[in-house]
1. Determine if the range 168-176 includes at least one residue that is more than 16 Å from the ligand (Cβ to nearest atom) and part of a strand (DSSP E or B).
2. From the list Ile307, Ile279, which one is out of contact with any Leu (no Cβ under 7 Å at 6 or more places or on another chain) and aliphatic (A, V, I, L, M)?
3. Considering only the range 42-83, state which residues are buried (at least 23 other Cβ atoms within 10 Å of the Cβ) and of a type in the set (S, T, N, Q).
4. Would you point out which residue out of Ile209, Ile190, Ile157, Ile202 is within 16 Å of the ligand (Cβ to nearest atom) and outside any loop (DSSP other than H, G, I, E, B)?
5. May I ask you to list the residues in the range 246-272 that are of a type outside the set (Lys, Arg) and assigned to a strand (DSSP E or B)?
6. On the given criteria, is Asp288 over 29 Å from Val182 (Cα atoms), surrounded by 15 or more Cβ atoms within 10 Å (Cβ to Cβ) and within 16 Å of the ligand (Cβ to nearest atom)?
7. In the range 112-133, is there at least one residue being under 12 Å from Pro389 (Cβ atoms), among the hydroxyl-bearing types (Ser, Thr, Tyr), away from the ligand (no atom under 16 Å from the Cβ) and touching a residue at least 40 places away in the same chain (Cβ under 8 Å)?
8. Could you tell me how many of the residues in the range 95-111 are more than 16 Å from the ligand (Cβ to nearest atom) and touching a residue at least 40 places away in the same chain (Cβ under 8 Å)?
Amino acid sequence: MANLDLFDRISRRIEKFRDDMVDLQMRLCAIPAIAPSSGGEGEAKKADFLIDYLKANGFVDIALIKAPDLDAPDGYRPNVLAYYRGQNSTRTVWIMTHTDVVPPGELSLWRGNPFKAWVEKGRVYGRGVEDNQQDMVASLFAVKALKAEGIVPNCDIGIAIVADEETGSRKGIDYVLQNHKVFRRQDLIIVPDAGNETGTMIEVAEKSILWLKFKTLGKQSHGSMPEKGINSFKAASFFITALNDLYKIYPSRDKLFDPPVSTFEPTKKEPNVPNVNTIPGEDVFYMDSRILPDYKVQDVEKTIRTIAASIERRFKVKIHAEVQQKAPAAPPTSAQAPVVLALRRAVKAVYAKQARAMGIGGGTVAAVFRRAGFPAACWSKLDETAHQPNEYSLIDNMVGDAKVFAHVFLQD
Ligand SMILES: [Zn+2]
């Protein structure tokens with residue numbers, strides 16, 4: 001941080017924007033932006049509102065990138081880019097957030113109208129207020145504060161507000177990356193769409209996801225005559241036990257992750273026979289594997305097939321494996337990447353906390369950047385109420401995160 005006074009000024013300015021930030025949250029919340037595939041109309045209205053807002057607040061070179069989508073009433077999904085120009089344009093610090101929200105779910109679980117945000121004890125409640133408006137609003141006001149103080153940062157600031165994050169990003173950031181050369185290797189890309197309560201998690205890596213459904217086929221018979229059938233449930237149980245060897249076969253540890261190992265867990269179980277005195281001829285269970293990025297998912301699948309084959313031979317059953325979800329991990333962002341170091345400095349200054357680079361077990365939208373070769377980092381301070389009834393954002397988090405972004409903007 002070159003200039004502490006400067007940052008103090010910005011911090012005070014952001015504090016003064018507190019009520020305006022809550023107001024913007026409420027206005028955004030009132031425009032439900034649910035994906036067509038989730039029964040909504042998409043994000044066009046919300047994007048139009050934001051474009052007007054960006055224009056009125058000094059952002060320049062505002063672009064609307066329309067990803068075609070015949071299921072959306074307007075025929076497209078909107079991706080909005082805007083800049084606040086710095087002293088030179090060799091590098092851009094990007095904050096990317098998303099407009100779309102998930103459906104409210106069971107309305108009786110909400111204490112109010114999910115699309116009419118309300119404030120209670122320092123929190124804003126409503127669908128989308130945390131995911132992802134908290135940091136969308138924070139990023140906009142971080143820039144607004146610079147402008148209000150007449151500060152021109154060294155580098156450009158880019159605001160990317162994209163669609164379709166909740167349903168796969170193909171009409172969102174994925175479309176932007178494939179069709180427009182907007183981002184550059186040297187840019188800092190922050191995706192405030194994952195984090196923890198203390199603001200100490202900078203997400204840089206993820207495990208691969210492999211969900212499998214196993215159907216074990218034996219032969220049904222009377223419970224008193226097991227030798228006349230083949231007990232699929234018993235074979236599947238031996239199979240589950242054998243699958244536990246995956247922990248020994250893939251033992252790597254990586255301190256970035258919590259837990260630091262690959263995990264292979266049997267999870268869902270479908271009912272087999274309804275009565276006690278029948279030997280089940282068919283058994284179905286599922287496994288959720290989270291695999292460290294140094295292992296190839298195909299290798300794990302091959303090992304699983306080998307284990308299945310040995311159970312098939314031993315019990316004379318057939319085992320069908322069906323992929324329910326397979327998402328190979330993106331190449332991790334280095335824990336020493338400039339974006340990580342910048343966030344660590346900013347979190348230290350604003351929240352007085354030591355943030356660290358971490359990996360998580362599921363995917364985030366930052367993976368789309370990483371696959372395209374951009375070292376993006378996910379960071380945010382949040383209570384993780386996304387997708388739940390009575391989703392809320394701590395107003396202190398929204399204001400604090402705005403300061404973190406401003407701090408990053410002001411770093412050299
Ligand atoms: Zn999100």
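1. Within the range 168-176, none of the residues are more than 16 Å from the ligand (Cβ to nearest atom) and part of a strand (DSSP E or B).
2. Selected residue: Ile279, the only one of Ile307, Ile279 that is out of contact with any Leu (no Cβ under 7 Å at 6 or more places or on another chain) and aliphatic (A, V, I, L, M).
3. Asn79
4. It is Ile190.
5. Phe257, Val261, Thr263, Phe264, Glu265, Pro266, Thr267
6. Against the criterion (over 29 Å from Val182 (Cα atoms), surrounded by 15 or more Cβ atoms within 10 Å (Cβ to Cβ) and within 16 Å of the ligand (Cβ to nearest atom)), Asp288 does not qualify.
7. Looking through the range 112-133, at least one residue is under 12 Å from Pro389 (Cβ atoms), among the hydroxyl-bearing types (Ser, Thr, Tyr), away from the ligand (no atom under 16 Å from the Cβ) and touching a residue at least 40 places away in the same chain (Cβ under 8 Å).
8. Filtering the range 95-111 down to residues more than 16 Å from the ligand (Cβ to nearest atom) leaves 106-111.
This time we only want the ones that are touching a residue at least 40 places away in the same chain (Cβ under 8 Å), so: 106, 109-111.
Residues flagged as more than 16 Å from the ligand (Cβ to nearest atom) and touching a residue at least 40 places away in the same chain (Cβ under 8 Å) within the range 95-111 amount to 4.
The values are calculated or read from the model by the stated rules, or taken from the named source; none is laboratory data. Since the model is a prediction, treat every value here as computed from it, not as a measurement. For neighbour counting, all protein chains shown are included, and Cβ atoms are generated from backbone atoms with ideal geometry for every residue, glycine included.
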